[in-house]
Every structure is written in C-alpha cells, then in structure tokens.
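Input: one structure, supplied below.
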Amino acid sequence: MSDSVSEATKPAQSIVTGGIQWTLFALALPALLEQLLTFFVGFYDTYLSGQISAAATNAVGLATYVDWLGGMLFRLVGVGAAALVARHWGAGDIHEANRTTNRALAIVSVMGLLVSVMLYVAAPLFTDLLGMTGEARGIAIHYLHVDSLCYFFTGFTLVGGAILRASGDTRTPMLIYVIVSVFNVFAAYSFVYGLGPLPGMGVSGIVVGTVCARVFGGLLMVGGYARGFHGLRLSLRQWTLRGETVSRILRIGIPAAADGALAWIGIFLFLMLVSRGTSGVSDDVSLAAHVVGVRIEALTYLPADAWGFAAAAMVGQALGAGDPNRARKCGHAAAFQCSVLALVMSVLYYVAARPIYAFMHSNPQVVEVGIPAFKLLAVFQIPLVVGTVYVHALRGAGDTRYPLWINLFGIFVVRLPLAYLFGVLLKGGLFGAWIGMCSDLGVRAVMAWTRYVRGKWVKTVV
C-alpha cells in the first residue's frame with residue numbers, strides 16, 4: 001500500500017474504532033464552527049437590511065429561502081455521494097471513494113448551471129407568490145437575479161464539503177468557510193456603505209458581497225480538490241455522467257432531493273401564510289418578524305446540522321466497516337450531545353426575546369409581533385435538534401426515502417393546516433402560524449426517533 005493511501009485511511013480508522021462520544025464531538029466541533037460562521041454571515045446580512053427598511057429585510061429573507069431551495073436541490077448529488085464515500089472510506093476502499101468524488105463533481109458542474117438559470121427565471125414568481133408589490137418587489141427581484149449568478153460555484157462548495165465530511169475531514173470545509181465568511185462580511189459592508197472608491201449600493205451591496213464570497217468559496221474548494229485531500233483528488237478523466245457509480249449516487253440522492261424540493265414548497269406555502277398580515281399588522285411587518293426569528297433560530301438548527309454531519313459520517317463508516325451496533329450508538333450520542341446545547345438555547349431565546357428583536361430591527365412593530373412567537377419557538381428547540389440529527393444519521397446510512405415521508409407528513413399534514421387554522425382562520429397572525437411550525441417540529445422528532453430506534457436502516461443497500 002502506498003504512503004498516500006495509508007495516510008488516507010488514518011482518519012477512517014479513528015472514526016470506526018475510536019471512542020464514540022469523543023470522536024463524535026471532535027468531528028462535530030469544526031462543523032459547528034462552520035455552521036456558526038454561516039449563521040453570522042446571514043445574521044449580519046439581516047442586521048444590515050434591518051437598518052435600511054422592512055422591505056430590505058424581506059428581500060434578504062426571501063433570498064434566504066431561495067438559497068435554501070438551491071441547497072436542497074444539490075442534495076441530489078451531495079447526499080448520495082456522501083453516503084457512498086462514507087461506506088467506501090469505512091471499508092478502506094479509497095480508490096472507489098475517489099471515483100465517487102469525481103463523478104459527483106462532474107454532475108454538480110452541470111447541475112449548478114441549471115439551478116442558476118432556473119432561479120434567475122423564477123425570481124418574479126417568488127415575489128408574486130408572497131404578494132410583494134411596488135418598491136419591495138423591485139428590490140427583491142433584483143436581489144434574487146444577482147444572487148442566482150453564483151450557484152455554479154455554490155454547488156462545488158456544498159457537494160465538495162459534504163464529501164469531505166463523509167470521509168471524516170470536517171476541518172477543511174470549516175477553514176474554507178472561515179475564509180469565505182470573513183470575506184463576505186467585509187465585502188457586504190464595503191458594498192452597502194461604500195469604502196474607498198466603491199460607491200454605497202444600499203441593499204444591493206448585501207447581495208453583491210454574498211455573490212463575490214460564494215464564487216471565491218467555490219474556487220477554493222475546486223482548487224483544494226485539484227491539489228488533493230488525503231486521497232481524494234480532482235481527475236477530469238474520471239468526469240462522466242454515465243456508469244454504475246453515477247446511477248448509485250442518483251439512486252440515493254433523488255429521494256433526498258425530492259425531499260428537499262417538496263419540503264421547500266411546503267415551507268414556501270407556509271411563508272405565504274406568514275406574509276399575509278392577519279393580526280392587524282401589515283404584510284411587511286409580519287414577514288420581517290418571521291425572517292428575524294428564523295434567522296436567530298439558526299443558532300440551534302445549524303449546530304444540529306453540524307452534529308448531524310458528524311453522525312452521518314460515523315454511521316456510514318461504521319456500516320462500511322461492518323459494525324452496525326456502533327452505527328446505532330453514533331446517532332443516539334449525536335442527538336444527546338446536541339440536545340444539551342438546544343436546552344441552553346431554549347432558555348436564552350425565551351429570556352432574551354425582547355433585546356434580540358430590538359437589536360435586530362429598527363421597526364417597533366416588527367419587535368412586538370416577533371417576541372411572543374419567538375418565545376413559543378424557544379420551547380421546541382430540543383425536538384428541532386432531535387429530528388434533524390436522526391434524519392442526518394438515516395441519510396448517512398443511505399436511508400433517504402423515509403426522511404422524505406417524515407418531511408412531507410410534518411409539513412403538509414401538520415404545519416400547513418395548523419398554521420392556516422390558527423394563523424388565518426382564527427386570526428392569530430405570526431404566533432398562530434408558528435403554532436403549526438412548532439407542532440411540525442415535535443411530530444418530526446418523534447417520527448425520526450422511532451425510525452432510528454427500530455433499526456431497519458442498518459440493512460440499507462447503497
């Protein structure tokens with residue numbers, strides 16, 4: 001065995017043989033920092049928009065949901081490739097892991113262009129669905145058009161990072177996000193207010209800074225793969241959209257992408273309910289209060305993703321190494337560790353709801369509408385992380401179909417009907433709509449935990 005392959009297998013050996021609690025925490029910590037940087041950039045963009053107007057906040061909020069749709073679509077490649085790479089890595093088959101990596105990068109090179117075109121064309125539709133008019137609509141469409149230009153590069157960042165995490169390398173994606181996040185904050189401030197020869201661009205400067213940072217991030221990821229990441233190296237000769245490996249990536253990834261796309265449709269329908277001010281406030285105020293609350297809640301669900309990434313890597317590699325018992329323990333350990341953090345955040349959100357909203361937005365109506373709903377959401381942070389972590393663990397095992405049903409049931413059977421009932425029919429406004437959202441979080445947590453405990457996923461064939 002060559003030195004390069006020997007070095008490549010070292011991370012896998014520690015992941016499949018090391019102590020579960022410590023190994024999990026060591027993997028999750030860099031991913032956590034990465035997610036917190038993602039939060040900070042989004043937080044900063046929302047803060048900047050909050051100092052401009054409610055319309056600007058809504059444009060940034062709408063772009064966040066559209067970005068989420070783009071990320072969901074890239075699951076088609078990222079989830080399938082990550083599940084396969086984890087299995088190959090756990091089994092010590094670095095050659096197949098590298099083949100899978102290059103096939104995935106080939107797919108995403110085409111997919112990124114398609115996503116950019118689709119989201120550019122759909123920008124006016126998104127604003128119309130939310131009932132945006134006048135200046136708010138113009139700001140949002142321009143914002144989405146500029147934002148759509150970067151998805152070719154975003155695809156490489158998302159999929160390349162997912163593959164590295166599946167191999168047990170959570171530090172490299174973290175380092176890339178550190179660089180990109182610092183660049184994003186600096187660029188956004190410079191373009192919004194003007195710096196040196198740069199003119200102040202207002203809300204347009206936020207999205208220009210974001211696009212520049214994402215292009216930079218994609219180039220960093222591709223450049224890293226060109227040099228090689230402990231056994232995973234870019235090889236254009238292996239780029240093809242045909243073959244068994246591509247079929248396996250898509251077979252695993254299609255349910256995850258469908259899951260994401262359908263879930264996004266449901267969430268966007270929910271956003272449409274929220275955007276209709278049903279409790280004596282304007283549409284802009286209700287939607288802005290929602291955007292602020294969800295942005296702050298990222299302090300919980302992004303760490304849940306971090307522990308979920310770690311759990312997915314450990315579950316997949318344990319199954320690849322032929323140790324299903326260890327795989328089961330990894331998911332439970334991840335859910336427990338993240339729940340401790342969620343408990344802390346629950347208390348913080350409830351106690352500090354008013355100062356948080358007062359800091360984030362200059363409109364007092366936005367503050368008053370958001371506080372009661374945010375306190376309600378604070379109570380459901382542990383169900384949020386439990387559902388998120390177990391779904392990641394299931395996907396890491398290659399079980400992508402059941403999470404699809406979890407999301408569809410939670411959103412379309414629980415969230416939307418209850419949000420319409422309490423938010424619109426009973427005129428509960430944002431608080432009423434969030435009753436539906438919180439009920440959804442609880443139901444999904446129970447369904448994901450039940451699936452994981454039953455253990456049928458250990459027999460998933462990838």
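If a residue must be part of a helix (DSSP H, G or I), aromatic (Phe, Trp, Tyr) and within 25 Å of residue 268 (Cβ to Cβ), how many such residues does region 66-125 contain?
The total comes to 2.
Only one residue in 306, 298, 333, 311 is within 14 Å of the chain's Cα centre (by Cα) and closer than 25 Å to residue 18 by Cα. Which one?
306
Starting from region 107-128, take each residue that is without any contact (Cβ under 8 Å) to a residue 40 or more places away in the chain and within 11 Å of residue 153 (Cβ to Cβ) and list its partners that are of a type in the set (S, T, N, Q) and assigned to a helix (DSSP H, G or I), counting only C-beta distances under 6 angstrom and pairs at least six apart or across chains.
116/148
So, in region 20-59, of the ones that are open to solvent by 40 Å² or more (accessible area, probe 1.4 Å) and modelled with pLDDT of 85 or more, which residue ends up nearest to residue 370 (Cα to Cα)?
For region 20-59, the residue satisfying everything is 29.
What's the number of the only condition in (1) closer than 22 Å to residue 151 by Cα; (2) charged (D, E, K, R); (3) modelled with pLDDT under 85 that residue 283 fails to meet?
(1)
Which one of 164, 175 is buried (at least 24 other Cβ atoms within 10 Å of the Cβ), in a helix (DSSP H, G or I) and within 21 Å of the chain's Cα centre (by Cα)?
Answer to the selection: 164.
Can I ask one more? Could you check region 173-189 and list, in sequence order, the residues that are more than 16 Å from residue 28 (Cα to Cα) and among the aromatic types (Phe, Trp, Tyr)?
Passing the criteria: 183, 186, 189.
Further question on the same structure: Pairs please, first residue from region 440-457 and surrounded by fewer than 20 Cβ atoms within 10 Å (Cβ to Cβ), second anywhere and in a helix (DSSP H, G or I), Cβ atoms under 6 Å, 6+ apart in sequence or on different chains.
442/383; 443/410; 443/414; 449/390
Of the conditions (1) at pLDDT 85 or above; (2) of a type in the set (Phe, Trp, Tyr); (3) open to solvent by 20 Å² or more (accessible area, probe 1.4 Å), residue 191 clears all except one; give me its number.
Residue 191 satisfies all of (1) at pLDDT 85 or above; (2) of a type in the set (Phe, Trp, Tyr); (3) open to solvent by 20 Å² or more (accessible area, probe 1.4 Å) except (1).
Any chance region 116-124 includes a residue that's open to solvent by less than 20 Å² (accessible area, probe 1.4 Å), at pLDDT below 85 and over 22 Å from residue 273 (Cβ atoms)?
no
Which number in (1) modelled with pLDDT under 95; (2) within 30 Å of residue 88 (Cβ to Cβ) marks the one condition that residue 389 misses?
(1)
Residue 91 is checked against (1) at pLDDT below 90; (2) buried (at least 23 other Cβ atoms within 10 Å of the Cβ); (3) over 29 Å from residue 59 (Cβ atoms) and fails just one. What number does that condition carry?
(2)
Next question. Just to be sure, is residue 156 open to solvent by 20 Å² or more (accessible area, probe 1.4 Å) and at pLDDT 90 or above?
Considered against the rule, which asks whether it is open to solvent by 20 Å² or more (accessible area, probe 1.4 Å) and at pLDDT 90 or above, residue 156 comes out as no.
So, in region 407-436, how many residues would count as being without any contact (Cβ under 8 Å) to a residue 60 or more places away in the chain and either assigned to a loop (DSSP other than H, G, I, E, B) or surrounded by fewer than 24 Cβ atoms within 10 Å (Cβ to Cβ) (or both)?
The number of residues fulfilling the criteria is 10.
Could you identify the single residue in 77, 110 that is over 30 Å from residue 202 (Cα atoms) and open to solvent by 40 Å² or more (accessible area, probe 1.4 Å)?
Selected residue: 110, the only one of 77, 110 that is over 30 Å from residue 202 (Cα atoms) and open to solvent by 40 Å² or more (accessible area, probe 1.4 Å).
The values are calculated or read from the model by the stated rules, or taken from the named source; none is laboratory data. Please read these numbers as outputs of a predicted model, since none were measured by experiment. Cβ atoms come from the backbone with ideal geometry, glycine included; neighbour counts cover every protein chain shown. Side chains included, ligands, DNA and RNA excluded: accessible areas come from the protein's heavy atoms. Shrake-Rupley method; radii C 1.70, N 1.55, O 1.52, S 1.80 Å.
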